[in-house]
Amino acid sequence: MKTTARLENAITKLYSAFHGNTLNPECCKQCAVGNILNNTDSWKHLSDNHGSLNLNYVGKVHEMMGRKFGGYSPLEILEIEATFLQHCGYSLPLRHNGVKPKNATDKEILFNGLQGVVEYLCKLDSVEIVMDYSRLFEYEKEEDLALA
């Protein structure tokens with residue numbers, strides 16, 4: 001299957017974060033986009049609210065200039081993060097009183113978020129999901145480990 005460099009790069013970083021236990025939806029440096037962008041949080045200045053799809057002034061300027069972050073436009077960056085958060089069970093944009101999972105770093109919750117992100121990334125690059133990327137993120141559930 002032919003993929004793009006940015007897709008391979010993003011999936012590699014998400015894979016490492018998932019298996020290295022450095023994926024956290026509530027941290028701008030350790031969320032999906034934070035990991036794709038080398039654990040930086042500068043992308044959060046593209047919007048006024050974490051999880052929002054609305055570019056603020058800074059985001060609009062970068063978008064109009066054609067600026068890319070990890071190969072993705074500012075709007076694509078916000079969409080990647082929103083997809084991740086929604087698939088993890090958050091209401092958007094993130095609010096202290098909004099809906100969120102009880103354990104944000106639970107492997108199953110993160111896995112659900114990553115499935116949504118990988119699907120979205122493939123769609124962005126017009127890559128058909130013929131290969132099951134979910135196998136990259138396989139993990140043993142805690143219940144399975146307890147029974148062993």
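For the listed peptides 45-51, 120-126, 92-98, a ranking on the average number of other beta carbons within 10 Å per residue, highest first, reads 45-51, 120-126, 92-98.
Under a Gaussian network description of the chain, with springs only between Cα atoms under 10 Å, the residue in K60, K13, K107 that fluctuates furthest is K60. Starting at 0 and stepping by 5 Å, how many percent of the alpha carbon pairs of the chain end up in each bin? So the P(r) values, bin by bin, are 2, 10, 19, 23, 20, 14, 8, 3, 1, 1, 0. Relative to the dominant Cα principal axis of the chain, helix 74-88 is inclined by about 30°.
Sort out for me the Cα centre separation of the stretch 31-45 from the stretch 74-103, rounded to whole Å. Here the answer is 14 Å between Cα centres. Relative to the longest principal axis of the Cα atoms of the chain, helix 107-124 runs at roughly 40 degrees. Per-residue ellipticity at 222 nm, computed for the chain from helices alone with -39500 (n - 2.57) per DSSP H run of at least four residues, works out to -14000 deg cm²/dmol.
Considering all projection directions equally, how large on average is the shadow of the alpha-carbon convex hull of the stretch 1-75, in square nanometres? Could the numbers behind the result be given before it?
Numbers: hull surface 21.4 nm².
Average projection, Cα convex hull of the stretch 1-75: 5.4 nm².
Full extension of the chain between K2 and Q115 yields a length gain of 38.8 nm, computed as 0.36 nm times the residue separation minus the alpha carbon distance.
Readers should treat all values here as calculations from the given coordinates under stated rules, not as data from a laboratory. Since the model is a prediction, treat every value here as computed from it, not as a measurement. Note that we place each Cβ from the backbone using ideal geometry, even for glycine, and neighbour counts take in every protein chain shown.
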